[in-house]
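I have placed the structure first, in the form of structure tokens, so that the comments after it can refer back to it.
The values are calculated or read from the model by the stated rules, or taken from the named source; none is laboratory data. Note that the structure is a prediction, hence the values are computed from the model and not measured. Cβ coordinates were reconstructed from backbone atoms using ideal geometry, including for glycine residues, and neighbour counts include every protein chain displayed. The area values use the complete protein model at the heavy-atom level, side chains included, leaving out ligands, DNA and RNA. Shrake-Rupley method; radii C 1.70, N 1.55, O 1.52, S 1.80 Å.
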Amino acid sequence: MRFLGHSTVRIELAGRVVLTDPVLTPRIGPLRRVAGALGEDAWADVDTVLISHLHGDHLHLDSLRLLGKSTAIVVPRGAGAWLSGKGFTDVSEIAPGETVEDGALTVTATEARHSGHRWGPRLTHGPQAPAVGHLISGGGTRIYAAGDTDLFDGMGGLGPVDVALLPVWGWGPTLGPGHLDPGRAAKAVELIDPAVAVPVHWGTLALTGLTRAPFGMGRTMRRLLVDPPREFAAAVARTHPRTEVVVTEPGEAVLPGARSGS
């Protein structure tokens with residue numbers, strides 16, 4: 001498993017290669033990648049792409065085009081026709097409780113508490129489909145990729161889970177509705193009880209120029225590119241110490257047992 005940054009994780013399981021919410025380019029609209037650039041090896045030989053929701057930092061068309069328009073893409077139910085209309089030829093849909101299979105790999109969609117509109121919660125035109133998370137199973141391993149979500153009642157029923165990929169921040173100085181911050185992500189760990197938790201959705205993207213501002217918001221943003229996963233690890237150590245937190249810098253391999261969350 002390799003954390004490529006933001007919500008993008010490369011998962012190699014049961015003989016298949018999966019990418020979650022691929023964001024692979026140096027820029028995404030007004031956002032720039034502040035983590036190290038990715039090489040083509042990061043997305044080589046991908047079999048399946050899992051999209052949690054339609055927001056541009058999760059369903060990024062230019063990143064999907066890097067993978068090729070014939071790559072298998074699984075989107076939330078209701079988004080398939082829109083993505084197929086962009087020229088992608090192998091698009092399937094999935095809703096919470098539904099399952100798709102890829103060889104020995106099984107993917108089941110879960111609930112997510114997050115806006116499913118392409119343009120966020122404030123606009124009402126354009127494509128919309130309910131956001132989902134994913135349970136990815138194969139070879140005796142079960143991984144929960146939350147996508148973007150707040151806490152929801154069914155979280156406690158997702159286990160048993162070997163690895164939980166949990167968002168702990170975002171790309172700006174504040175969080176909107178439908179997100180987890182470090183404390184709420186630690187609460188998710190209590191509910192899910194994974195063996196390993198990997199903080200994602202941090203340290204990767206920022207508004208152009210914001211991190212270079214010398215004071216105020218710039219200083220806040222520089223801190224938020226570093227601190228949330230460590231605050232999450234500290235909170236889990238206090239409230240649910242039997243879960244190992246693996247803080248992995250964007251672009252690096254996830255190595256349980258080899259690094260701490262401090």
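Scanning segment 89-119 for residues that are in a loop (DSSP other than H, G, I, E, B) and within 30 Å of Leu175 (Cβ to Cβ) yields a count of 10.
As for segment 239-246, it holds no residue that is open to solvent by 30 Å² or more (accessible area, probe 1.4 Å) and of a type in the set (A, V, I, L, M, F, W, C). For segment 79-88, filtered to residues that are part of a helix (DSSP H, G or I) and open to solvent by less than 40 Å² (accessible area, probe 1.4 Å), the residue that is farthest from Gly138 (Cα to Cα) is Leu83. For segment 120-150, give me each residue that is open to solvent by 50 Å² or more (accessible area, probe 1.4 Å) and either outside any loop (DSSP other than H, G, I, E, B) or touching a residue at least 12 places away in the same chain (Cβ under 8 Å) (or both). The answer is Pro121, Gln128, Pro130, Gly139, Arg142. Among residues that are at pLDDT 95 or above, closer than 25 Å to Val226 by Cβ, surrounded by 20 or more Cβ atoms within 10 Å (Cβ to Cβ) and not β-branched (Val, Ile, Thr), His53 is not included. Against the numbered list (1) of a type outside the set (Gly, Ala, Ser); (2) over 23 Å from Thr48 (Cβ atoms); (3) open to solvent by less than 30 Å² (accessible area, probe 1.4 Å), Val161 comes up short only at (2).
Table: residues versus (1) outside any loop (DSSP other than H, G, I, E, B); (2) among the β-branched types (Val, Ile, Thr); (3) open to solvent by 50 Å² or more (accessible area, probe 1.4 Å).
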residue: Ala186; (1), (2), (3): yes, no, no
residue: Val189; (1), (2), (3): yes, yes, no
residue: Pro194; (1), (2), (3): no, no, no
residue: Val198; (1), (2), (3): yes, yes, no
residue: Gly203; (1), (2), (3): no, no, no
residue: Ala206; (1), (2), (3): yes, no, no
residue: Thr211; (1), (2), (3): yes, yes, no
residue: Leu255; (1), (2), (3): no, no, yes
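When the strands (runs of 3 or more DSSP E) confined to segment 1-41 are screened for residues that are under 23 Å from Glu101 (Cα atoms), those reaching at least 1 such residues are found at 2-5, 8-13, 16-20. Which of the residues that make up segment 166-184 are open to solvent by 50 Å² or more (accessible area, probe 1.4 Å), touching a residue at least 12 places away in the same chain (Cβ under 8 Å) and not in a helix (DSSP H, G or I)? Those that are open to solvent by 50 Å² or more (accessible area, probe 1.4 Å), touching a residue at least 12 places away in the same chain (Cβ under 8 Å) and not in a helix (DSSP H, G or I): Trp171, Pro177, Asp181. Here His58 meets each of (1) part of a loop (DSSP other than H, G, I, E, B); (2) more than 24 Å from Leu151 (Cα to Cα); (3) open to solvent by less than 20 Å² (accessible area, probe 1.4 Å) with one exception, condition (2). Considered as a group, the residues in segment 213-238 that are under 17 Å from Val200 (Cα atoms) and loosely packed, with under 15 Cβ neighbours inside 10 Å include one that is modelled with the lowest pLDDT, and that residue is Arg223. Taking segment 29-43 as the range and being open to solvent by less than 50 Å² (accessible area, probe 1.4 Å) and without any contact (Cβ under 8 Å) to a residue 12 or more places away in the chain as the test, only Gly39 passes.
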